[in-house]
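Student: After the structure tokens below, expect a handful of questions from me.
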Amino acid sequence: MVRLFTDQLHIGYGERLIVKDMTIEIPDQKITTIIGSNGCGKSTLLKAITRIISHQSGTIILDGQSISKEGTKTLAKKMAILPQTPESAAGLTVGELVSYGRFPYQKGFARLTKKDLEVIHWALEVTGIEEFKYRPVDALSGGQRQRVWIAMALAQETDMIFLDEPTTYLDMAHQLEVLELLEKLNEVQGRTIVMVLHDLNQAARFADYIIALKDGQIVKEGTSEEVIKRDVLKDVFQIDAEIGRDPRTNKPMCVTYNLLKGEDLHEKATSTISTAVHTYS
């Protein structure tokens, strides 16, 4: 049974339609990655599925119920989201920020319960940031801060975690650190992970399922073997890619590529220059 799916989903801002007639199923207890060029609707789709923004038409179903009919706290117990640019945590310690993940379980201004404290401790421990509990979030490195936000999402105790470009602004080591943590959460705890990634090779390496978007519509979806292909990347990104094999995972990887639009422009410019030379010679 698929827990989360959309049917004929349309999402936009004002009169501008970003996502068009989107029907997808999110595999349960798997890692799903959404790829596509800037402005194709990746983040918009993620925001609509998690009800950060509303959708124009169509449906988003979670556990047999439209998410539009779910209470805010009820929905927050089922899915957590780490946005592309998390809000500032100025003045907060790591422990304080992670404790915000317990909001769906609190009543009014009640203090944290023993259960809350146990979950917060577990979230800090599993993300490897327990030693930073009393340290200001702003004093941490980029990778460490990203782990804090993931810990806050884990403190929500949701089965599903959505992340919008979780590796943005991180160096290569910290990117790998975050992705391996998400992979571990999926493998060990069965968490359903849905994330937007720009790096095609990271998507191929860590995702069980990939959704490739272009202009708000699905071009291809499936395993990395089915999506990371020359013709698909040509359609989605306008690149001519050479696809090889990752020597460590044996998954497909983009070895190198040329920009098709750049080639077209070069050919056009060469043709124009040749015509001009011929005309004035």
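The values are calculated or read from the model by the stated rules, or taken from the named source; none is laboratory data. Model, not experiment: these values are computed from the prediction. Positions of Cβ are generated from backbone atoms using ideal geometry, with glycine treated the same way; all protein chains shown enter the neighbour counts. We work out accessible area using only protein heavy atoms, side chains counted, and drop any ligands, DNA or RNA first. Shrake-Rupley method; radii C 1.70, N 1.55, O 1.52, S 1.80 Å.
Student: To the nearest 20 debye, what charge dipole does the chain have about its Cα centre, counting +1 at the Cβ of each Lys and Arg and -1 at the Cβ of each Asp and Glu?
Tutor: Charge dipole, the chain, about its Cα centre: 740 debye, nearest 20.
Student: For the range 1-49, restrict the atom set to alpha-carbon positions and state the Rg and Dmax in Å.
Tutor: For the range 1-49, the Cα-based Rg and Dmax read 11.6, 36 Å.
Student: At 1.4 Å probe size, with the rest of the protein present, what percent of the exposed accessible area of the range 190-255 is carbon and sulfur atoms?
Tutor: 41
Student: With θ taken as phi - 60° and the coefficients 6.51, -1.76 and 1.60, list the Karplus ³J(HN,Hα) couplings across the range 152-157 in order, rounded to whole Hz; mark glycine and proline as x.
Tutor: Calculated HN-Hα couplings, in order: 4, 5, 5, 5, 6, 6 Hz.
Student: Once you have the Cα-Cα distance between residue 226 and residue 125, take 0.36 nm times their residue separation minus that, and quote the gain in nm to one decimal.
Tutor: Length gained between residue 226 and residue 125: 32.7 nm.
Student: Another question, if that's okay. Please list, ordered by chain and number, the residues whose modelled amide H lies under 5 Å from the amide H of residue 55; skip anything fewer than 5 residues away on the same chain.
Tutor: none
Student: Let me spell out the model: positive unit charges on the Cβ of Lys and Arg, negative unit charges on the Cβ of Asp and Glu, origin at the Cα centre of the range 114-240. What dipole size does that give, in debye rounded to 20?
Tutor: Computed about the Cα centre, the dipole is about 160 debye.
Student: Still on this structure, please answer the following. Counting other Cβ atoms within 10 Å of each Cβ, which chymotrypsin sites (Phe, Trp or Tyr not before Pro) in the range 60-137 have at most 10 and sit in a DSSP loop?
Tutor: Taking the range 60-137 and a limit of 10 other Cβ atoms within 10 Å, the loop chymotrypsin sites (Phe, Trp or Tyr not before Pro) found are 109, 134.
Student: Another question, if that's okay. Within the chain, which is the longest segment that contains none of the GluC sites (Glu not before Pro) sitting in a DSSP loop with at most 12 other Cβ atoms within 10 Å?
Tutor: Looking at the chain, 88-281 is the longest stretch - no exposed GluC sites (Glu not before Pro) with at most 12 other Cβ atoms within 10 Å.
Student: First check a/c for the range 48-182, with a ≥ b ≥ c the square roots of the eigenvalues of its C-alpha gyration tensor; if it is under 1.5, answer rounded, and if not, answer prolate when a/b is larger than b/c or oblate otherwise. It would help to have the intermediate numbers written out before the result.
Tutor: On the way: a/c = 2.04, a/b = 1.30, b/c = 1.57.
Because a/c hits 1.5 or more and a/b fails to exceed b/c, the range 48-182 counts as oblate.
Student: What are the ³J(HN,Hα) couplings of the range 213-223, residue after residue, when phi is run through the Karplus curve with 6.51, -1.76, 1.60 and θ = phi - 60°? Round to Hz, x for glycine and proline.
Tutor: Result, ordered by residue: 10, 8, 6, x, 9, 7, 8, 7, 9, x, 6 Hz.
Student: Between residue 61 and residue 249, what is the spin-label point distance in nm, taking each point 7 Å from the Cα along the Cα→C-beta axis?
Tutor: For the pair residue 61/residue 249, the computed spacing is 3.1 nm.
Student: Please report the relative contact order for the chain, taking Cα pairs under 8 Å with a sequence separation of at least 6, and give it as a percent rounded to a whole number.
Tutor: Values: 503 pairs, mean separation 60.1, N = 281.
RCO, the chain: 21 percent.
Student: Send over a whole-number figure in Å² for the accessible area per residue of the range 164-219, probe 1.4 Å.
Tutor: Accessible area per residue: 41 Å².
Student: Still on this structure: Using alpha carbon coordinates only, what is the Rg to Rh ratio of the chain, with Rh defined as the Kirkwood radius?
Tutor: A ratio of 1.05.
Student: Not counting the cut sites, what is the longest span of the chain without trypsin sites (Lys or Arg not before Pro) that DSSP labels loop and that have at most 11 other Cβ atoms within 10 Å? All intermediate terms of the calculation are to be shown ahead of the outcome.
Tutor: Details: sites that count: 107, 111, 248.
Between exposed loop sites, the widest span is 112-247.
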